[in-house]
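A quick write-up on the structure given underneath.
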Amino acid sequence: MPIISGRVGGIICGFSVSCTVAGGTIVGRSGGLLRGGNIDLRYDDAEIVGRLGGLVIGKDVVLQRQGNSLRGRLGGVVDGKNLFLETDGRKVWGRVGGDFIGFSADLQYEQGYLKGRLGGEVLGHDVNLEAPESDPLLAGLIACLTYYYYKVTDTGHNHHHHN
């Protein structure tokens, strides 16, 4: 069964992720022991729903799928972020969140690998995922969820609040 695994971000400040895709579920974990979160999703041709996170920070995932695109919300109604992802089978692109805490996706899927950038050239992170036999859209989603979780759990010096 397909496994989606690899890293989002660099060696030092990046996150590792590993998920198993089977029978309409994506189950796995992103991040380390301290700042890690579980990924627990159910999907079909119409939607992807589930939960992302650990004991302290948990986020709902509610996405509608139409063919080659995903659209929906991460997190709750109040503090949630919109997600939009699209693929042509090789490239995966889209955006999570608004202008402030938002980030864009610019990824490429080939020969079972998903590579590219999340969050732009300067402040962004590299994506290096192994995703053989996977749907590029699902692989892209896992990359985005990992980065999103990294952002919402980041308590470091580059955490900004916007009223």
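Note down the relative contact order for the chain as a percent, whole number, built from C-alpha pairs under 8 angstrom at least six residues apart.
Value for the chain: 18 percent.
Residue by residue through the range 134-142, which ³J(HN,Hα) values in whole Hz follow from phi under the Karplus form 6.51 cos²θ - 1.76 cosθ + 1.60 (θ = phi - 60°), with glycine and proline marked x?
Per-residue couplings from phi come out as 9, 6, x, 5, 5, 4, x, 4, 4 Hz.
Spelling out what I want: for every residue of the range 86-94, take phi, set θ = phi - 60°, compute 6.51 cos²θ - 1.76 cosθ + 1.60 (Karplus), and round to whole Hz; glycine and proline get x.
Those phi angles translate into 9, 9, 10, x, 10, 9, 10, 9, x Hz.
Given labels modelled 7 Å from the Cα in the Cβ direction, how far is it in nm from residue 110 to residue 122?
2.9
Please order 48, 12 by the number of other Cβ within 10 Å, starting at the fewest.
Lowest to highest Cβ neighbour count: 12, 48.
Residue 78 to residue 42: FRET efficiency via 1/(1 + (r/R0)^6), r the Cβ-Cβ distance, R0 25 Å, to the nearest 0.05?
Efficiency computed from Cβ-Cβ geometry: 0.55.
Counting each pair of different Cα atoms once, what's the Kirkwood radius of the range 3-152 in Å, rounded to one decimal?
Kirkwood radius, the range 3-152: 14.8 Å.
What distance in nm separates the simple spin-label points at residue 16 and residue 57, each placed 7 Å from Cα in the Cβ direction?
2.0
Rounded, prolate or oblate: which fits the range 43-103, taking a ≥ b ≥ c as square roots of the Cα gyration tensor eigenvalues, rounded meaning a/c under 1.5, else prolate when a/b beats b/c?
It comes out oblate by the Cα gyration axes.
Summing -39500 (n - 2.57) over the DSSP H runs of n ≥ 4 in the chain and dividing by its residue number, what mean residue ellipticity at 222 nm do you reach, to the nearest 500 deg cm²/dmol?
Calculated from helices alone, the mean residue ellipticity at 222 nm is -3500 deg cm²/dmol.
State, to one decimal in nm, how far the label point of residue 27 lies from the label point of residue 88, with both points 7 Å from Cα in the Cβ direction.
3.7
Each reported figure results from applying straightforward, stated rules to the coordinates on display, with no laboratory input. Just so you know, these numbers come straight off a predicted model, no measurement behind them. Cβ atoms come from the backbone with ideal geometry, glycine included; neighbour counts cover every protein chain shown.
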